[in-house]
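The values are calculated or read from the model by the stated rules, or taken from the named source; none is laboratory data. All figures in this text were calculated on a predicted structure; none of them were measured in a lab. Neighbour counts are summed over all protein chains in view; Cβ atoms, including those assigned to glycine, are modelled from backbone coordinates with ideal geometry.
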């Protein structure tokens, strides 16, 4: 447990600048450790914000779900109305329906339930819990989406018990709320923004605020985090065309070739770094033999990833107290033409350049690489702010 590894206690403060769906924030709250999260993907910001709101009362949540039935059935009777819903329109025009991400009948039920939640006579906090349960059911129960190294679609299913799956998830959330209600816990804050500029996202008074940073940033590879949450983004109304998706990608660390843009310049800050320059040269030499266009961007993606991470490390330096510690869970990569990228090792040298002391690199676990058919390491990079 990284909270223990960094010797944090109740009352200490933690920043997770890549908080995802809030796992670290929840663990901090359970330990009464003050915590703040930053995340560029607004679907993940939504999930983190809901999961860290422990003021929800389980009995009231169950009452709200019980009140949905009439509204849900009303929307079901409007058989074709769901095709005018923004979520349906986006999934259709983006080609996800044609590619089999979700079948028509489960999608119809999910959209009807989404609209019933929107009409519920309760506060936005309770509506958001129900929305989160619905999103979970859409992705894990109703859709055909599966997650390996890349997103793929499984065998289509004609129908799914959306309301039954939703109800089970709500009941589990209610049980979880009962468990945490007896804890003395901290309050989490979640901000949406680009972690290459953490100082610009958090309040000015955040300087020298945090005792520690705990996070798992993106790894350099072909992993599009907006694609993995595209159903959630669509159902939340956060994407509606290619430009809305692009705006989200542009606020992220450049970790894959589909998120590289002509205006990107962070790579210039690390192009003379010996290890990075060697990696980029090797990747670009191998890419010359490839015909597909994305291979020609692998070198650029590597540069922009480490350039973005250097900007990020510089931005958190001023947010930490003197001798504040950091734990970064990062993985080595071989996605780019089987060139081995020692992510933690390179990040450690960039951290030293912006004012950190490297406390160590601990192997966390091995992960199977489909690119090379071998195990690559995931590590914990431990840093300390000097002075």
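Going by what's in this entry, would residue 118 be described as buried (at least 21 other Cβ atoms within 10 Å of the Cβ) and either in contact with a helix residue (DSSP H, G or I) (Cβ under 6 Å, 6 or more places away or on another chain) or farther than 22 Å from residue 26 by Cα (or both)? Before you say what the answer is, go through the steps one by one.
Working: buried (at least 21 other Cβ atoms within 10 Å of the Cβ): no; either in contact with a helix residue (DSSP H, G or I) (Cβ under 6 Å, 6 or more places away or on another chain) or farther than 22 Å from residue 26 by Cα (or both): yes.
So residue 118 fails the test.
Picking from 205, 175, which residue would you name as being surrounded by fewer than 15 Cβ atoms within 10 Å (Cβ to Cβ) and not assigned by TED's automatic domain parsing to the domain that holds residue 131? Talk me through it step by step, then tell me what you get.
Values: 175 fails: not assigned by TED's automatic domain parsing to the domain that holds residue 131.
Matching residue, one of 205, 175: 205.
Before we move on, is residue 387 out of contact with any helix residue (DSSP H, G or I) (no Cβ under 9 Å at 6 or more places or on another chain) and in a strand (DSSP E or B)? Can you show your working first?
Details: out of contact with any helix residue (DSSP H, G or I) (no Cβ under 9 Å at 6 or more places or on another chain): yes; in a strand (DSSP E or B): no.
No.
Scanning region 154-164 for residues that are loosely packed, with under 14 Cβ neighbours inside 10 Å and either part of a helix (DSSP H, G or I) or touching a residue at least 60 places away in the same chain (Cβ under 8 Å) (or both) yields one hit, 164. Considering 346, 283, 316, the condition of being closer than 17 Å to residue 221 by Cβ and modelled with pLDDT of 95 or more is satisfied by 346 alone.
Need at least 1 residues that are assigned by TED's automatic domain parsing to the domain that holds residue 153, in contact (Cβ under 8 Å) with a residue 40 or more places away in the chain and surrounded by fewer than 20 Cβ atoms within 10 Å (Cβ to Cβ) per element, so show me which helices (runs of 4 or more DSSP H) inside region 1-101 make the cut, counting only ones lying wholly within it. Give the derivation first.
Numbers: elements: 2-5, 23-30, 42-51, 58-66, 69-77, 86-93.
Those helices (runs of 4 or more DSSP H) span 58-66, 69-77, 86-93.
Filtering region 214-241 to residues that are at pLDDT 95 or above and assigned to a helix (DSSP H, G or I) leaves 230, 231, 232, 233, 234, 235.
For (1) touching a helix residue (DSSP H, G or I) at 6+ places or on another chain (Cβ under 8 Å); (2) outside any loop (DSSP other than H, G, I, E, B); (3) farther than 30 Å from residue 111 by Cβ, each residue gets a yes or a no:
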position	(1), (2), (3)
166	yes, yes, no
169	yes, yes, no
175	yes, yes, no
178	yes, yes, yes
185	yes, no, yes
